[in-house]
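These notes are about the structure you will find just below.
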Amino acid sequence: MSEVARGVVIAHGSLAAALVEAAERIGGPGEGLVAVSNTECGREQIEAKIAAAAGDGPAVLFVDMPCGSCFFAAMHFARGREQVRVVTGVNLPMLLDFVNHPTLPPAESAIRATTKGAEAIRHP
Amino acid sequence: MPVLSYRIDDRLVHGQVVIGWGKPMNIEFIALVDDAVAESEWEQELYRMGVPTEIALECCSLAQAAERTPGWRADARPSIVLTAEVATMVALCRAAPPVERVVLGGLHHKPGRTARLPYVYLTGEELQLLEALAAEGVKIEAQDLPTTPPVPLSALR
């Protein structure tokens, strides 16, 4: 069985904590998602928080925007780590799908997350 | 159009710069002055991803910036000059005078720094550098966003 990947949600203000809380309210509490905020942090501090949250194993880093301090810190942490992938534009549907498929390899998980996240954006 | 802001911010290009200041000041050009970024195509590409298409970004070293600053001042585009480090901005101000005002936009905690504001941490050496620059006639204030009141350097001691 593949190793369970950690999901680290990295966002401005309290957004990451809110997304993780919402995902756990819907999907049930677990250890799959960890929130990281950039509040009052420089890039090095954000990266240190990501490192602590992601650990040494496989991880997918879900970032709010494809730019800015959260994105930079995530990209720096992921650089050279084969078992870590970055997904931007995090939303609740992609997180819920992620926690339901925890053993996918991070590269596959990241592709799946972008698909599921995009599918959830509609104008019915 | 002169350079509208000389900003020290260890996050360099990020939302406060591009949106918080960029929109109300109609910024069309950002000069990112950092020796390490100037040597890394990978980092430059990341920063370019954070800039909307209507804003041009130039990444250069301190030495290059000292040469280019007069051109930036003569450029018709409203601009911001960014550095991540206090020492870099102080050196640029001295190499390419005159700079009327420097803004401390975000300097976060590192070993040796102490909190002056929630978004400004400084070492004693950084404070001395800034005070020396202020004594040379440069106005130095902390201000993270246009909507927050500027805080004079004298209040950060």
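The values are calculated or read from the model by the stated rules, or taken from the named source; none is laboratory data. Everything numeric here is computed off the predicted structure, so don't read it as measured data. Heads up, the Cβs are rebuilt from the backbone with ideal geometry, glycines too, and the neighbour counts pull from every protein chain shown.
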For A:Val36, are the conditions met, namely being part of a loop (DSSP other than H, G, I, E, B), β-branched (Val, Ile, Thr), away from chain B (no Cβ under 14 Å) and closer than 23 Å to B:Leu46 by Cβ? no
All positions within the range B:88-132 that are among the small types (Gly, Ala, Ser), under 15 Å from B:Ala155 (Cα atoms) and away from chain A (no Cβ under 13 Å): B:Gly124
Just checking, which of A:Val20, A:Val63 is within 15 Å of the chain's Cα centre (by Cα), within 14 Å of another protein chain (Cβ to nearest Cβ) and not basic (Lys, Arg)? A:Val63
Take the residues in the range B:68-79 that are in contact (Cβ under 8 Å) with a residue 12 or more places away in the chain and surrounded by fewer than 16 Cβ atoms within 10 Å (Cβ to Cβ), then tell me which one is farthest from the other protein chains (Cβ to nearest Cβ). B:Pro70
Quick count over the range A:75-93, residues being more than 10 Å from chain B (Cβ to nearest Cβ), touching a residue at least 24 places away in the same chain (Cβ under 8 Å) and either acidic (Asp, Glu) or at negative phi (or both), is 10
Given the conditions (1) buried (at least 22 other Cβ atoms within 10 Å of the Cβ); (2) at pLDDT below 95; (3) out of contact with any Pro (no Cβ under 9 Å at 6 or more places or on another chain), report the number of the one that B:Gly50 does not fulfil. (3)
Residue tally, condition closer than 18 Å to A:Ala11 by Cα and more than 14 Å from the chain's Cα centre (by Cα), over the range A:73-117: 1
Of these, B:Leu12, B:Leu4, which one is closer than 19 Å to B:Val90 by Cα, within 14 Å of chain A (Cβ to nearest Cβ) and buried (at least 16 other Cβ atoms within 10 Å of the Cβ)? B:Leu12
Subset of the range A:11-41 that is free of Cβ contacts under 8 Å to residues at least 12 places away in the same chain and touching a helix residue (DSSP H, G or I) at 6+ places or on another chain (Cβ under 9 Å) - its residue that is nearest to B:Pro118 (Cα to Cα): A:Glu24
